[in-house]
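Participant: Here's a structure for you.
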Amino acid sequence: MARQTTTYDLLVSCPGDVVEKGYLKAIENSVATFNSTFGKFNNVNLQVVQWSKDSYPESGGRAQELLDAQIVDDSDAAVALLFTRFGTPTDKYGSGTEEEIEQMLQSQKQVFMYFVTESVRMSEVDVAQYQRVQEFKTRYSTLEKGIYWEVESPAELQGQLLNHLSLHFLKRIVKSAQPNDIQPEIGIIDGNNEEAFPVENLASGVNAFLQKRNDELVKRVEKLNNSILKNEDSGEKIDHQYMANATLKVASVPQFSSQVQR
């Protein structure tokens, strides 16, 4: 059956050492699983975009700027991954990966930032490159650019990314399904369908609901007592005996805590 599907371009930004270790393949596997499960049932498809297969030779400008125009600017989100190499500096940033991350952040687009913490022999690592990765990691958190995640293996990245993609695009799906930015409201409705209280206002809603019912009960008893007194004054025989002018004691409304335990 024909159906309409929304496709998002997912940019993958990473230096060569990440590719050699199998992390790029893990990203591709994670996206494929997302598309065949969560995406399939929600009419969402993610298209992996990566410079090695989606860019082409072009003249007339700075290399990174041309690459940005080809694959970065039109991407809807990005997966960025750093291990021991930071990459080759550009005219503006410490590496092409850093420039792509900054471009996405400046465009207020989602960046899934990961750092690989897999064990490695320092004798096999370019210490200067590794130090630049660590400095960028510090800047990313201290300059409030976002939240990053650490992974120790391609298998862990594949599982974590699948979970993170699902969480992020679920929010997009829910928001896009509501016209005029109206968010879904889950509420509690009383037995007569007279009032509904949003879940986030549950504590105050329950208190208001109980207080209203107590007030109604007080009014009914007062009305009944007034009716009895009127009948007695008129000399009519009353089959049922009630205590006229009796004081009704209503139980106090319980106080519900609005704090959420974490």
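Participant: Take L66 and S52, extend 7 Å from each Cα along the Cα→Cβ direction, and tell me the distance between the two endpoints in nm.
Facilitator: 2.1
Participant: Okay, next question. Determine the sum of side-chain charges near E150: Lys and Arg each +1, Asp and Glu each -1, restricted to other residues whose C-beta is under 12 angstrom from that of E150.
Facilitator: -2
Participant: Then there's this: So if R0 is 51 Å, what FRET efficiency would L105 and E216 give, r being the distance between their Cβ atoms, rounded to the nearest 0.05?
Facilitator: That gives a FRET efficiency of 0.35.
Participant: Starting from the Cα of R139, step 7 Å along the direction of its Cβ; do the same at M122; then give the gap between the two resulting points in nm.
Facilitator: 2.3
Participant: Continuing with the same structure: How much net charge surrounds A32 when only the other residues with a Cβ under 13 Å from the Cβ of A32 are counted, with Lys and Arg +1 and Asp and Glu -1?
Facilitator: +1
Participant: Let me ask another. For segment 74-176, with only Lys/Arg (+1) and Asp/Glu (-1) charged at the beta-carbon, what is the dipole magnitude about the Cα centre, in debye rounded to 20?
Facilitator: Magnitude of the dipole: close to 360 debye.
Participant: Only Lys, Arg, Asp and Glu count, each charged at its Cβ (+1, +1, -1, -1), so figure out the dipole size of segment 6-181 about its Cα centre, rounded to 20 debye.
Facilitator: That gives a dipole near 460 debye.
Participant: Here's something else I'd like to know. What does the charge count near E58 come to, summing +1 for each Lys or Arg and -1 for each Asp or Glu among other residues with Cβ under 13 Å from its Cβ?
Facilitator: -2
Participant: Once phi is turned into ³J(HN,Hα) by the Karplus curve 6.51 cos²θ - 1.76 cosθ + 1.60 with θ = phi - 60°, what whole-Hz value does each residue of segment 86-93 show in order, with x for glycine and proline?
Facilitator: Each residue's phi maps through the Karplus curve to give 9, x, 8, x, 10, 5, 10, 9 Hz.
Read-outs throughout are calculated quantities, based only on the coordinates presented, and are distinct from any laboratory measurement. Quantities reported herein were computed from a predicted structural model and do not represent experimental measurements. Cβ atoms come from the backbone with ideal geometry, glycine included; neighbour counts cover every protein chain shown.
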